[in-house]
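Please find one structure pasted underneath; my questions will follow.
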Amino acid sequence: MKRFTIVLILGFTCTFFSMAQVKYEIIYSENLGQERQIKVQLPRNYDPDAKRTYPLVIVLDGDYLFEPVAGNIDYHAYWEDIPDCIIVGINQSEHRLDDLYIEEETYFPAAKGADFYNFLGQDLVPFIESTYKASNFRIVVGHDMSANYMNFFLFKTQPLFRAYVALSPDFTAEMVNRLTERLATLDQETFYYMATADADITRLRQSILEAHNKFKTIENDKINYEFDDFSDANHYSLVGLGIPKAINQMFEPYKPINGKEYNEKILTFEGSPFEYLEKKYEDISYFYGFEKRLIENDVRAIAAASNERNDLDSLKDLAKLVKKEFPDSMMSAYYMGMYHEREGDFKRALRAYKSGLLLEPSQFITKEMMLEKMYDTQEILDN
Amino acid sequence: MKLYAILLCALWTFSVNAQTIYKEINSAYLNDTRQLQIKLPKDYEANSDTKYPVIVVFDGDYLFEIVSGQVHFQSHFNDMPSSIIIGVIQGEQRYYDAYCDEVTGLPKESGLRFHNFVESELIPFIDNNYNTSKFKVAVGHNTMGNFINSFLFKKEPIFNAYVCISPDLSGTVRDYLSDRLAYFEKDIFYYMATSEKDMSRIKSSVRLANKAISQVESPYLTYYFDDFDNQKHYTLVTSAVAKSFDKIFQLYEPLREKELTEKVMPYEDTLDKYLLERYEKVSSLFGVEQHITEEEIKKVVEVAEQRNDIESLKALGKLSNKLFPNSLAGTFYLAQYAEKKGKRKKAKKLYESALELEDVAHINKDYIFSKIEDLSVTDTDESNELNDHEEN
């Protein structure tokens, strides 16, 4: 009886833990000589022992900016439009002016502003990396003053971040010129997003529009630059509109295969559909520095394309890959069965479908579908 | 060594009031228990008199975090009141919960049981356990976006604001939505969104409904509609959440440039009335108390000065004295009024008594001293003239 209760309780905690949970932590920084509050959101079903890593999102002004970023990433990752991420917000409300201090002559961070810069690179990121499964694809998000400050990371030879989300940045002197020069010469794939709005603070809006006019003419294929000028929004309400645009755009290559990609790229690809899939996932891991886990949507697309192109080998390779990636899912049986059915080996197809009955249903494949497949194959065998 | 120190300290945690609470609620209607996600305001205290609006998020499984992120952000800047957010986890029950009659579009069977659960069990449970105000918001996406309309069709709807994100509108609900919204005699807020790449069936019915609702002319209805470019059925959700919450609580926002120039400047009565009306509306609409700040009075005083409206200056001075009796601001405004009216002695006296009160950031005491001096000089000038006259 006791055992039963324990199992039950575990069952409940599991369902609850599959929701995102935020941890509030305090970290001591040698560079700052003080403690800092940080907020950490791990992916739903985060597994500390898994081999994989997750993109790391650093949110400045975490007091108010962390929650909307975390909410957006949780939502879009839930639908597999973007990868799961580790999100870290730094509370700055008590130290904001010190942290973001920029010296008036050189227009670079100095004094406490320089300490905060070193804190991020030397204390915070190494701490997160040693504690959680963070990949080296790092994203930084800032608003207003912090959206200006974060640009200083771009001026290093090896910038700490690969993606920058600048929400209504309050540019300091020289920043726009320096950025224009720097963005033109960056040699690593970098994503840069900037946003303003029609009712943004007038002074900021003007300098952002000027900056946009310069940035948009930069010719550097390593830079993926995106810009939004929202209507009917102000300095604050633009934040909720800018975050989802930025994260969806920066993960564009990561997105599930859609109808357009299917028709325009997969069907016309010179290699087989399976080779297309391999290349797509390789490109993703090259660009982001972490592996994308195979998703069912993409499996369905490649299977459909293999069938449409009558490419049996492609289907076979896909079925093998699915079996390797999802050994406990009905998917492995379904696609193996599909392959055998296509090659005309109905006995093996039937065996595959039967073996699937004991496995876990997936998002698209149910027990009813497996049964139907079984009956159909059986019927063919009987005739 | 360095790393070691960092690790050690990282074990301490700090205040966690903003954490999500998970609770189960038993439902007689559903003959089942349901899981709820609950997020209380940061400064929530069970024994306090402060009341908070309630936001009910259907499909909390995937919508709760995005809504609570938006609410956290907006309330941080006082762009909306702190609120209690309730997520309803629906999981695989979702299909049954949203079940509706094809002809009427209204919930039936399992859908009707879920409707009754929300109205007669969930909302009373929240009202009984937390300090809730009467203002309640419902958020639904897809089939639940259609479902929340069923409350709207009741005689006394339990929700005051409806956020219907890419709703899968069906039957008479779709066809009579605009008629129903036109009929209200209480403030109601309705938001609806679709997008360029939304599911085509949803997109066309939502666009049709929008056409009809935009024709509605009712002082009670506040309606907003978004048709996002380049977004899909799932991606449009986050933009819609940001936009709808911004719009629902627009009235609550701090006074900003736009309102000052577009509404305060052309206001026809004295400007203290503008402020008072604004706050009355906020508290009657949202059921929360919001207080006029000194900063806001200052902004409105500036508008009064721009439009050379000294009667407003007087009224705002009185209002300021009433609300902030210890601050010098009100007396200062009254002194300015007296000065502008040419009552110099009275002005001088008022400036002098202002000095005895507490400082405010935007009024410089040196400036008051110089005012007193100026007025004293004119005083002596006046008396000199008198003396001269007497001598002659």
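The values are calculated or read from the model by the stated rules, or taken from the named source; none is laboratory data. Just so it is clear, the structure is predicted and the values come from calculations on it, not from any experiment. Here the Cβ positions follow ideal geometry from the backbone for every residue, glycine too, while neighbour counts run over all protein chains shown. Side chains are part of the model used for accessible areas, which takes the heavy atoms of the whole protein and leaves out ligands, DNA and RNA. Shrake-Rupley method; radii C 1.70, N 1.55, O 1.52, S 1.80 Å.
In a Debye calculation with equal point scatterers on the alpha-carbon sites of region B:192-232 and no solvent, what is log10 I(q)/I(0) at q = 0.27 Å⁻¹?
-0.89
Bins of 10 Å, beginning at zero and ending with the bin holding the largest distance: percent of Cα pairs per bin for region A:262-382, please.
Binned Cα distances yield the sequence 14, 42, 32, 11, 1, 0.
A 25 angstrom limit on the alpha carbon distance is what I want to check against. Which of B:Lys314/B:Lys346; A:Lys367/B:Lys23; A:Lys323/A:Lys373 exceed it?
A:Lys367/B:Lys23
Would you mind telling me the share, in percent, of accessible area of the protein assembly as shown contributed by carbon and sulfur at probe 1.4 angstrom? Walk me through the numbers before you get to the answer.
Values: 17900 of 36420 Å².
C and S atoms contribute 49 percent here.
Next question, about the same structure. Ignoring ligands and nucleic acids, what accessible area does B:Asp366 show with a 1.4 Å probe (Å², nearest 10)?
Its accessible surface works out to 100 Å², give or take rounding.
Counting other Cβ atoms within 10 Å, which GluC sites (Glu not before Pro) in region B:94-125 have at most 12 and lie in a DSSP loop? Write out the running numbers ahead of the final one.
Details: sites: B:Glu102, B:Glu109, B:Glu119, B:Glu121; in loops: B:Glu102, B:Glu109.
Sites meeting the loop and neighbour criteria: B:Glu102, B:Glu109.
Also, quick follow-up: List the pair-distance distribution P(r) of region B:60-138, using every Cα-Cα distance, as the percent of pairs falling in each 5 Å bin from 0 up to the bin containing the longest distance, rounded to whole percents.
Once binned at 5 Å, the Cα pair distances of region B:60-138 give 3, 13, 18, 20, 19, 14, 8, 4, 1.
Shifting gears a bit: Kindly state, to the nearest 0.05, the FRET efficiency for A:Lys216 paired with B:Asn364, given R0 = 51 Å and r defined as their beta-carbon distance.
Numbers: r = 45 Å, r/R0 = 0.89.
Calculated transfer efficiency: 0.65.
For the interface of chains B and A, what total accessible area is buried with a 1.4 Å probe, rounded to the nearest 100 Å²?
Working: alone 21080 and 19570 Å², together 36420 Å².
Roughly 4200 Å².
Another one. Of the cross-linked pairs A:Lys39/B:Lys299; A:Lys112/B:Lys299; B:Lys318/B:Lys349, which ones have a Cα-Cα span greater than 24 Å in the structure shown? Don't skip to the answer; put the middle values down first.
On the way: A:Lys39/B:Lys299 36 Å; A:Lys112/B:Lys299 34 Å; B:Lys318/B:Lys349 16 Å.
Table pairs above 24 Å Cα-Cα are A:Lys39/B:Lys299; A:Lys112/B:Lys299.
Does region B:277-355 come out rounded, prolate or oblate by the C-alpha gyration tensor, with a ≥ b ≥ c the root eigenvalues, rounded set by a/c under 1.5 and, if not, prolate when a/b is larger than b/c and oblate if not?
On the way: a/c = 3.19, a/b = 1.86, b/c = 1.71.
Here region B:277-355 falls in the prolate category.
Here's another thing I want to ask about it. Calculated FRET efficiency, A:Arg44 and B:Lys343, Cβ-Cβ r, R0 56 Å, to nearest 0.05? Please report the intermediate quantities before stating the final value.
Numbers: r = 69 Å, r/R0 = 1.24.
According to the calculation, E is roughly 0.20.
May I ask for the distance between the Cα centers of region B:229-255 and region A:80-110, given as a whole number of Å?
Their Cα centres are 26 Å away from one another.
While we're on this one: Extension gain A:Glu104-A:Asp229, at 0.36 nm per residue separation less the Cα-Cα distance, in nm?
On the way: separation 125, 0.36 × 125 = 45.00 nm, distance 2.95 nm.
Between A:Glu104 and A:Asp229, full extension yields 42.1 nm more.
Between A:Glu372 and B:Ser204, with labels modelled 7 Å along Cα→Cβ, what's the label distance in nm to one decimal, could you check?
2.5 nm
Then there is this: Considering only protein heavy atoms, with the full assembly of protein chains and a 1.4 angstrom probe, order B:Asp269, B:Asp229, A:Asp74 by accessible area, largest first.
On the way: B:Asp269 70, B:Asp229 120, A:Asp74 15 Å².
From most exposed to least exposed: B:Asp229, B:Asp269, A:Asp74.
While we're looking at this one, here's another question. What would the Debye formula give as log10 I(q)/I(0) at q = 0.09, 0.10 Å⁻¹ for the alpha-carbon point model of chain B, no solvent?
Log10 I(q)/I(0), no solvent term: -0.68, -0.78.
Something else: With a cap of 13 neighbouring Cβ atoms within 10 Å, and only residues DSSP puts in a loop, list the trypsin sites (Lys or Arg not before Pro) found in region B:136-181.
Values: sites: B:Lys136, B:Lys154, B:Lys155, B:Arg174, B:Arg180; in loops: B:Lys154, B:Lys155.
Sparse-neighbourhood loop trypsin sites (Lys or Arg not before Pro): B:Lys154, B:Lys155.
Taking only DSSP H segments of four or more residues, each worth -39500 (n - 2.57), what value at 222 nm results for chain A once the sum is divided by all its residues, to the nearest 500 deg cm²/dmol? Write down the numbers at each step before the final one.
On the way: 15 runs with 179 residues, N = 383.
Calculated at 222 nm, the ellipticity per residue is -14500 deg cm²/dmol.
Debye calculation, C-alpha points only, no solvent: report log10 I(q)/I(0) for region A:4-254 at q = 0.08, 0.17 Å⁻¹, in the same order as the q values.
Computed log10 I(q)/I(0) values: -0.31, -1.39.
Quick one: length gained pulling A:Tyr281 to A:Lys51 fully straight, 0.36 nm per residue minus the C-alpha distance?
Numbers: separation 230, 0.36 × 230 = 82.80 nm, distance 1.68 nm.
Between A:Tyr281 and A:Lys51, full extension yields 81.1 nm more.
Follow-up. Assuming 0.36 nm per residue, please report the length gained on full extension of the stretch B:Ser353 to B:Glu277 beyond their Cα-Cα distance. Write down the numbers at each step before the final one.
Numbers: separation 76, 0.36 × 76 = 27.36 nm, distance 3.00 nm.
Length gained, B:Ser353 through B:Glu277: 24.4 nm.
Express in whole angstrom the spacing between the alpha-carbon centres of region A:321-383 and region B:37-103.
42 Å
What nm value, rounded to one decimal, do you get for the distance between B:Asp179 and B:Asn78 when each label is placed 7 Å out toward the C-beta?
Using points 7 Å along Cα→Cβ, the separation is 4.6 nm.
Using a Förster radius of 51 Å, what is the FRET efficiency between B:Asn26 and A:Ser355 based on their Cβ-Cβ separation? Nearest 0.05, please. Display every interim value, and only then the final one.
Working: r = 41 Å, r/R0 = 0.80.
The pair B:Asn26/A:Ser355 has a calculated efficiency of 0.80.
Considering only protein heavy atoms, what per residue accessible area in square angstrom results for the protein assembly as shown with a 1.4 angstrom probe?
Numbers: 36420 Å² over 775 residues.
That works out to 47 Å² per residue.
Within region A:316-345, whose backbone N sits under 20 Å from a point 7 Å along Cα→Cβ of A:Glu291?
A:317-333
Ok, one more. Rounded to whole Å and sorted largest first, what semi-axes of the equivalent ellipsoid does the C-alpha gyration tensor of the protein assembly as shown yield via the square root of 5 times each eigenvalue? It would help to have the intermediate numbers written out before the result.
Numbers: eigenvalues 611, 229, 121 Å².
Rounded to whole Å, the semi-axes are 55, 34, 25.
Here is a further query. Which pairs break 30 Å Cα to Cα here: A:Lys214/A:Lys260; B:Lys155/B:Lys273; B:Lys211/B:Lys243; B:Lys258/B:Lys371? List each step's numbers first, then the result.
Details: A:Lys214/A:Lys260 32 Å; B:Lys155/B:Lys273 34 Å; B:Lys211/B:Lys243 20 Å; B:Lys258/B:Lys371 32 Å.
A:Lys214/A:Lys260; B:Lys155/B:Lys273; B:Lys258/B:Lys371, as the Cα separations exceed 30 Å there.
Report, in debye and to the nearest 20, how large the dipole of the protein assembly as shown comes out about its Cα centre when Lys and Arg carry +1 and Asp and Glu carry -1 on their Cβ.
Details: 88 positive and 124 negative charges, 460 e Å.
With only Lys, Arg, Asp and Glu charged at Cβ, the dipole is about 2200 debye.
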